[in-house]
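Peer 1: Got a structure for you, written out below as structure tokens; questions coming shortly.
Every number here is computed from the coordinates shown, using simple stated rules; none is lab data. No experiment lies behind these values; they were computed from the predicted model shown. Counting neighbours? That spans all protein chains shown, and the Cβs are built from the backbone with ideal geometry, glycine included.
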Amino acid sequence: MKDKHIETFKQEAFELLEVLEASLMELESAPDNEELIGQVFRSLHTIKGGGGMFGFDAVAAFVHNIETVYDKIRNNEISVTDSIIDFTLKAKDQIYEMIRSEKKDIESDSETQEILNFFKNYLGTINTATENKPQEQNNVEDNNGQIIVYHIYFEPFEDLFLKGTRPTGLLSEIAGLGTSIILPNIDRIPFLNEINPETFYTSWDIFLSTDKDINTIKDVFIFVEDDCKLRIDKEDTGELKGDAEYYKALLEKKNSDSITKDHSQDIKLNKPGIQNKSKKDKQHNEKESSSSIRVSSDKLDLLVNLVGELVTVQARLAQTATTSQVPELVSISEDVERLTWELRENALNIRMLPIGSTFNKFNRLVRDLSKELGKEVELVTDGGETELDKNVIEKLNDPLVHIIRNSIDHGIELPEKRLEKNKDRCGKVYLSAMHSGTHVIIEIKDDGAGLNKKGILDKAIEKGIITSDAELSDKEIFSLIFHAGFSTAKKVTNVSGRGVGMDVVKNAIESLRGIIEVESKEGEWTKIILKLPLTLAIIEGLIVRIDKECFVIPLSFVEECIELTSAKKEETNGRNILNVRSEIIPYIPLRDKFDLKENMPEIEQVVIIKDSNLKAGLVVDEIIGEHQTVIKSLGKYYKNVEVMSGATVLGDGTVALIIDIPKMLSEEIKLEEKQYHKSI
């Protein structure tokens, strides 16, 4: 069984590594930014401290020299260089792998040793240079070598154990900074029968004699700075002047003076309606400490699944109430429906995350890839606050990596070629996201060479994808790049040319019930457009019936519903089109599509649907009404059913298939093209 504290540390460490990478990417552009340097140092220090506390000694040892280099950088002893950034990014990757795999040693890995040797050699060079400087220039930030006695008050919040922190490691680190006397405060510890083993009750007063400055002491507590009350005061100069009893008496005197002072203030301030300051501070700290909690994603998934089951049960209750016509039952059903709706919205919102964190990961990809290819590329992001279901975001990472790699490799030209075309030598990749109804639109655009239509056509003809006399629109030509094994690269590299990529992207996006489109202007730009649903769990659907079977049409695609009579069919001479307010709309008879021939009604219904620029009608027997649809997968036996995206359970217990509208429309377009070519 996994140790929950270690798992908590790993999760927090991974988050810190993301912050570290983002800070390093910014630091590369602003090497003198003290705030970024401090952020890098704090991230490394926290990972090192946490690693030591939770048994990741190899991680702590690996990070030590790297942290030391950044300590010297923030003390203005050395400057940030490209090589330091490069090796720190490599170190970040190694730390991630060491924590993920819980690696116990650093001796056996050659890449780890290469990184360590770089920082050790760098420190050796710096130390040699420092020794040759006049002594008075050293230790400017180190109290000028003066010994100071500090009084440190450290009071962890009560939930410290729940966050997996062991304060004894912090106390040991403080003791290692000099000579110390550590006095525990145990007044808050309750009787044994009242103790909660998950609650922290102890605080400490520490008297430390050291030549280190106050920032060095604060750095020890970086890992818990948001989870404790911490006060550090200069008490005296020189060494400690007594033993534990001496400093206990000193504390009692200070506390007595403080209580007298606070009491006099209370007499003046504690009028009706005014709380004293200490109580306010306590309430404020309690509020801050409970404002957010960390929850496992598995628990969120379970919550959404349970809400999905509740939606199904609520539908059964609603149908029973409608059938029974018992007023009280109908009233209860309506209340349950309202509460289920609110619960569903809240559960789904909990899983919604801003996509910006995913966007930020690609800065490193663009940096490394542009260096590898000898290009200059800048990533520009927009709409990072756009929220999307966490499951969609997780599955979106790999497709976006493929697209961005292709944009840099195929799209962005070398600096010299860009200058010849009167472009900036630095190319740009634009990554943006925005909401559009119940979907999110993600666009990836580069200002590179654009798609070569002739090259795509020639390759498609060569591979037998199309015939040499095929007449295709620009959109159809660009969509050819999604065929398996399709590549126009002249040579195979580490980045492209192997015929793997865009077909994988298309399959991944379609597995998310999304669509992908390509636009391009040769010589100028290429844009990839992804349209994705906000969530994969529950959707609003329109239930329709054909013969005895029910189907669900996602409500986000529905424009309107109209009747289709025999007279209207005769007006079009057997062609499957409708005239809707002077607009000609083709329709798809789902009876024919699904081979359902019996019980043909006199008047059929047409559900007008729209997806992007495509508009059509779906002909059904009856429109039953709206329904909160919990999406269930079809299973492996039905994985090749192209026009169905899943199934749902209705209120009466029957199963209704969910129609995949984008695939339905694309299938019909392909069918029309085949019939057109046959007629020619």
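Peer 1: In degrees, nearest 10, range 0 to 90: what is the angle between the Cα axis of helix 4-29 and the longest Cα principal axis of the chain?
Peer 2: 90
Peer 1: Using the Karplus equation 6.51 cos²θ - 1.76 cosθ + 1.60 (θ = phi - 60°), what ³J(HN,Hα) coupling, rounded to whole Hz, does each residue of the stretch 63-71 give in order, writing x for Gly and Pro?
Peer 2: Each residue of the stretch 63-71 in turn: 6, 3, 5, 5, 4, 4, 4, 6, 5 Hz.
Peer 1: Could you sort the peptides 537-543, 230-236 by per-residue average Cβ neighbour count (10 Å cutoff), highest mean leading?
Peer 2: Final packing ranking: 537-543, 230-236.
Peer 1: Take the residue pairs Lys92/Lys445; Lys229/Lys254; Lys527/Lys615; Lys454/Lys521; Lys48/Lys395 and return only those whose Cα atoms are more than 20 Å apart.
Peer 2: As for pairs spanning more than 20 Å Cα to Cα, those are Lys92/Lys445; Lys527/Lys615; Lys48/Lys395.
Peer 1: Something else now. Tabulate in residue order the Karplus-calculated ³J(HN,Hα) for the stretch 358-368, using 6.51 cos²θ - 1.76 cosθ + 1.60 with θ = phi - 60°, rounded to whole Hz; enter x for Gly and Pro.
Peer 2: 5, 4, 5, 5, 7, 4, 5, 4, 5, 4, 5
Peer 1: I need the semi-axes of the equivalent ellipsoid of the stretch 533-652: take the C-alpha gyration tensor, multiply each eigenvalue by 5, square-root it, list largest first in whole angstrom.
Peer 2: Details: eigenvalues 133, 57, 37 Å².
Ellipsoid half-lengths, sorted descending, are 26, 17, 14 Å.
Peer 1: Given a Förster radius of 22 Å and the C-beta distance between Glu622 and Glu570 as r, what FRET efficiency does 1/(1 + (r/R0)^6) yield to the nearest 0.05?
Peer 2: The value I calculate is 0.50.
Peer 1: Something else now. Once R0 is set to 30 Å, what does the formula 1/(1 + (r/R0)^6) return for the Cβ-Cβ distance between Glu107 and Thr168, expressed as a FRET efficiency to the nearest 0.05?
Peer 2: So the FRET efficiency works out to roughly 0.60.
Peer 1: Oh, and also: Can you tell me how much longer the chain between Ser29 and Lys453 gets when fully stretched, taken as 0.36 nm per residue apart minus their C-alpha distance, in nm with one decimal?
Peer 2: Length gained between Ser29 and Lys453: 148.9 nm.
Peer 1: Peptides 188-195, 625-632, 644-651: what's the order by average Cβ count within 10 Å, highest mean first?
Peer 2: Ranked by mean Cβ neighbours within 10 Å, highest first: 644-651, 625-632, 188-195.
Peer 1: Under the rule a/c < 1.5 gives rounded, and otherwise a/b versus b/c splits prolate from oblate, where does the stretch 329-420 land using the Cα gyration tensor?
Peer 2: In terms of gyration-tensor shape, prolate.
Peer 1: What order, most packed first, do the peptides 33-44, 99-110 have when packing is the mean number of other Cβ atoms within 10 Å of each residue?
Peer 2: Output ranking for 33-44, 99-110: 33-44, 99-110.
Peer 1: Identify which of the listed values of volume of the Cα convex hull per residue in Å³ was calculated from the structure shown: (i) 153; (ii) 272; (iii) 177.
Peer 2: It is the one labelled (ii).
Peer 1: Enumerate the calculated ³J(HN,Hα) couplings along the stretch 378-388 in order (Karplus 6.51 cos²θ - 1.76 cosθ + 1.60, θ = phi - 60°), each rounded to whole Hz, writing x wherever the residue is Gly or Pro.
Peer 2: Each residue of the stretch 378-388 in turn: 10, 9, 10, 10, 8, x, x, 7, 4, 9, 8 Hz.
Peer 1: Skipping prolines and chain starts, which residues have an amide H placed within reach, meaning under 5 Å, of the one on Gly383, given they are 5 or more residues away or on another chain?
Peer 2: Ala433
Peer 1: Continuing with the same structure: Any idea which of Val336, Gly448, Met434 is furthest toward the positive side of the dipole for the chain, if Lys and Arg beta-carbons carry +1 and Asp and Glu beta-carbons -1?
Peer 2: Going by the charge dipole, the pick is Gly448.
Peer 1: Same structure again: Taking the Cα centre as origin and putting +1 on Lys and Arg beta-carbons and -1 on Asp and Glu beta-carbons, what dipole magnitude results for the chain, to the nearest 20 debye?
Peer 2: With only Lys, Arg, Asp and Glu charged at Cβ, the dipole is about 740 debye.
Peer 1: Grab the other residues whose beta carbon is less than 14 angstrom from that of Asp447, score K and R as +1, D and E as -1, and report the net.
Peer 2: Result for the local shell: +1.
Peer 1: Less than 14 Å Cβ to Cβ from Gln605, Lys/Arg counted +1 and Asp/Glu -1: what total charge do the surrounding residues give?
Peer 2: -4
Peer 1: Moving on. Which entries of Lys506/Lys610; Lys10/Lys90; Lys453/Lys610; Lys459/Lys610 have Cα-Cα distances beyond 25 Å here?
Peer 2: Lys453/Lys610; Lys459/Lys610
Peer 1: Would you pull out the residues with amide H under 5 Å of Val440's amide H, same chain only if 5 or more places away, H placed 1.01 Å from N?
Peer 2: Leu532, Leu534
Peer 1: Report, by chain and number, residues whose modeled amide H sits under 5 Å from the one on Leu160, excluding near sequence neighbours (fewer than 5 apart, same chain).
Peer 2: Those qualifying (amide H under 5 Å, at least 5 residues apart or on another chain) are Phe200.
Peer 1: Continuing with the same structure: Specify the angular offset, from 0 to 90 degrees and rounded to the nearest 10, of the alpha carbon long axis of helix 390-406 from the longest principal axis of the alpha carbons in the chain.
Peer 2: That helix lies at roughly 80 degrees to the long axis.
Peer 1: Under the 0.36 nm per residue contour assumption, what length would be gained going from the current alpha-carbon distance of Leu302 and Asp57 to full extension?
Peer 2: Additional length available on full extension: 84.7 nm.
Peer 1: Right, another one. Using just the helices of the chain, give the 222 nm mean residue ellipticity in deg cm²/dmol: DSSP H runs with n ≥ 4 each add -39,500 (n - 2.57), and the total is spread over all residues, rounded to 500. Kindly include the intermediate steps, with their values, before the conclusion.
Peer 2: Values: 20 runs with 309 residues, N = 680.
Estimated from H runs of four or more residues: -15000 deg cm²/dmol.
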